[in-house]
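The values are calculated or read from the model by the stated rules, or taken from the named source; none is laboratory data. For clarity, every value in this text was computed on a predicted model and none was experimentally measured. Heads up, the Cβs are rebuilt from the backbone with ideal geometry, glycines too, and the neighbour counts pull from every protein chain shown.
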Amino acid sequence: MPRSNRPRGRHGRTQREEEQESGLDRLLTGWRRTEVKRGATWNVQPVSAAQAQKAYVCPGCGGDIEPGVAHVVAWRADGVLGDAADLAARRHWHAACWKIA
């Protein structure tokens, strides 16, 4: 069988395979992104209204985030105590409160 000279991605995967895998990862993580606020790096993950199952208190305004209300979850990405401690210290924010924080 002749050799294929088609460029491949990492570990022999095609670019399309990598794009599909990346899209799946994005869906599973809920479009998590990284933001820098006040000199600190934060992981920010949106929570849709359908995913919001519990009530939380927003640290920005002190108001309640009721079940069924879309919001964001934020936690430090550059904490000194490690990823597990940062994830345990995550907080649920109203999207508007997070924008102005």
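The table for this structure:
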read-out	value
From the options P67, P2, P7, residue that is modelled with pLDDT of 95 or more and either in contact with a strand residue (DSSP E or B) (Cβ under 9 Å, 6 or more places away or on another chain) or on the phi < 0 side of the Ramachandran plot (or both)	P67
Cross-chain or 6+ apart pairs with Cβ under 7 Å, segment 44-65 first and over 17 Å from R32 (Cβ atoms) and of a type outside the set (S, T, N, Q), then modelled with pLDDT under 95 and assigned to a loop (DSSP other than H, G, I, E, B)	G60/A101
Residues (aliphatic (A, V, I, L, M) and in contact with a Ser or Thr (Cβ under 8 Å, 6 or more places away or on another chain)) located in segment 52-101	A70, A77
Residues being more than 17 Å from A49 (Cβ to Cβ) and not in a helix (DSSP H, G or I) - total across segment 75-99	11
Count of residues meeting criterion [surrounded by 14 or more Cβ atoms within 10 Å (Cβ to Cβ) and more than 16 Å from R91 (Cβ to Cβ)] in segment 52-75	0
Selection within segment 34-72 - in contact with a His (Cβ under 7 Å, 6 or more places away or on another chain), within 17 Å of I100 (Cβ to Cβ) and among the aliphatic types (A, V, I, L, M)	I65
Residue within segment 82-92 that is farther than 16 Å from A40 by Cβ, at pLDDT 95 or above and touching a strand residue (DSSP E or B) at 6+ places or on another chain (Cβ under 9 Å) present	yes
